[in-house]
Structure formats: C-alpha cells, structure tokens
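Written below as structure tokens is the structure these notes are about.
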Amino acid sequence: MFDVIIVGGSYAGMSAAIPLARARRSVAIVDAGERRNRFAHASHGFLGRDGHAPDEIADEARAQLLAYPTVSWLDGRAVTASGKIDGFEIALDDGRQLAGRRVVIACGVADILPEIPGLAAHWGIGAMACPYCHGYELDRGRIGVLATSPMALHQAMMLPEWGTTTLLANGTVAPDAHELEELERRGVTIEPVAVTEIGGEAGAPVAILRDGRQLAFDGLFVTPRTRIASAIPEQLGCAFKDAPLGPIIATDDLRQTSVPGVFACGDVVRPVASVALAVGDGAFAGTATHRSLIFESAAQPRAA
C-alpha cells in the first residue's frame, strides 16, 4: 500500500512527487514514457533551464527524484483504476497491481493534429502550438498560422510580436468585419485558399495550397484539439469541464478532483501548456495531497 500513486511521470507528475518524497511518504510513479513535448528539440521559458533539451530536463529530474528512498518508478501504462480514498487500486498494462491511499493524475493530454499530409512530420520542430515556447527562435521571420478552430484568430493577432504573420484560413475561420479590422491593425495577412499539404524540410515548413501555390515559413503555428491521455480519470469518476481545445479535469483550488483522495495537475487541468506551469502545478498538487493524507480519511473526508 503506497501513500500516493502518481499516474504520469512527466514534469507535473515528478514535481508532485517531490514534496511527498521530502515528507518521507511512499510514492509510486507510473509512467508510459510519452511526454507531450517529446517531439521538440529544446524547451524554453523554464527558469534556469531555458533552451535545454526536454529529455535532459526530465532525465535529471528523475535522477534527483529517485535519490529519495521512498520513491518507486514503474515504467508502464496504468490501464484500470477503482476504489476510494485510503483504498485505491490501479492495474498496469503488464499485469502489475498497485494499491494506494491517494492518487495524483498527471497523465497529460495528447494533441490531435488536423489531418493534413506532412504536418505530423513537422510537429514540435517547424510546426508548434505555443509562441512563448518557440516564437523567439524564429528571429522575426515568416510565420504561418494554420487555422483549425476560431482560436486561430486570437493566435494570429498575437504572433506579429514574433514575425511577419499570415493567417491560413483553410476554410475553418471567416473573420467578421471587426476581426478583419483587428487583423489588419496587427499587420496580419489572410490567405483564404485551403492548405492541402505541408511540405519542406524539418524546421522549414511549406504550406502547399489547393491552387498549387507554395508558401514558405520559418515556423507554422497550430492549435490542435486535445484529449486526456488516459482513461484513469473517467474510471475513477472524476468530473470534467470544457476548455477551448478539449475537456480537462475539474478540480478545486487545492487541485483535488470531484473524487475524494484524487488530485490532478499539469495539462489535464489547465488549457495552457508550459513546462514551468506544469512544474508549479505539480508542486502545489503534491503539497495538497500530503495535507490530505494528514487531515482526511475515508471516514472523515475534507469538508466541501
């Protein structure tokens, strides 16, 4: 019986484990090895590690975490979960069974890219989602915004901070008069012809249009839909709420879900993706989980 089982060993999950380990609580981290930023060569915006490779940051964090003797790391995927506060059970895909008093869900989300040939090959290299993470390195070059939802209008208005911006409407967005005025004010060019393929070498995407024209960019920004990367939250009965790009887990101010004893952190609870935010979120959830172990029980759960 572990004090806490953490589902997901990326930045939020490892960060949640630190305060628990330092409180000498027994922690099991189950990790499927599919960090959301695994396609990127560098991670930006995380204080002290700006520009470092995601693998380097994660590997160093894991080594530091495993120096605590109460932490166990299990490579594998959590596939089923049941139980209640002080008595949760989680099964892994290889048949291993875990029991824990608390659960922290930090499984992250998966990006669902639009089905445009060639786009996936550029993802995380020349095609990105977050300008704060990758915009500076474009050196004020040519930027394309590939519309996948109305969020593209907001993104297109932001991106001129980082370079000359073209909104590829792609039959997805049709700006109204006010939005056209705002896009013009920001210097955004609108390309109405649909995109049929993304070509070019990695890091230098080329949008191939239906009429045969090719538009070369230094970077292409996309806002993909997302889905929670595990069925565990649903199996435990967690409530969800809608976010702009897909559902996320509903939590209170202490990152506790609707299920007593189950906490969540990272991209599964916030619509904005960032290593820095995930680490902060995880640290907060880990601290709240420790307090739950002290002050709550199945017989006396936390007051609403």
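The values are calculated or read from the model by the stated rules, or taken from the named source; none is laboratory data. It should be emphasised that the depicted structure is a prediction, and the values quoted were computed from it without experimental measurement. Virtual Cβ from ideal backbone geometry, glycine too; neighbours counted across all protein chains shown.
When Arg77, Arg38, Arg22 are checked against the criterion of being over 19 Å from Phe263 (Cα atoms) and either over 17 Å from the mean Cα position of the chain (by Cα) or at pLDDT below 95 (or both), a single residue qualifies: Arg38. Here Glu60 passes the criteria (1) without any contact (Cβ under 8 Å) to a residue 12 or more places away in the chain; (2) assigned to a loop (DSSP other than H, G, I, E, B) except the one numbered (2). Of all residues in the range 1-20, those satisfying the criterion of being farther than 17 Å from Ala78 by Cβ and either of a type in the set (Lys, Arg) or buried (at least 23 other Cβ atoms within 10 Å of the Cβ) (or both) are Tyr11, Ser15, Leu20. Of all positions in the range 244-258, at least one carries a residue that is modelled with pLDDT under 95 and acidic (Asp, Glu). If you go through the range 229-247 and keep only what is touching a residue at least 24 places away in the same chain (Cβ under 8 Å) and either at negative phi or in a helix (DSSP H, G or I) (or both), you end up with Ala229, Ser230, Ala231, Ile232, Pro233, Gln235, Leu236, Cys238, Ala243, Pro244, Leu245. Restricting Thr165, Thr226 to those that are in contact with a Leu (Cβ under 7 Å, 6 or more places away or on another chain), assigned to a strand (DSSP E or B) and closer than 30 Å to Thr287 by Cβ reduces the list to Thr226.
Pull up the range 79-134, narrow it to residues that are in contact with a helix residue (DSSP H, G or I) (Cβ under 7 Å, 6 or more places away or on another chain) and part of a loop (DSSP other than H, G, I, E, B), then point me to the one that is surrounded by the fewest Cβ atoms within 10 Å (Cβ to Cβ). Looking at the filtered set, the residue picked out is Leu113.
Here Val195 meets the list (1) crowded, with 24+ Cβ neighbours inside 10 Å; (2) touching a helix residue (DSSP H, G or I) at 6+ places or on another chain (Cβ under 8 Å) almost entirely, failing just condition (2).
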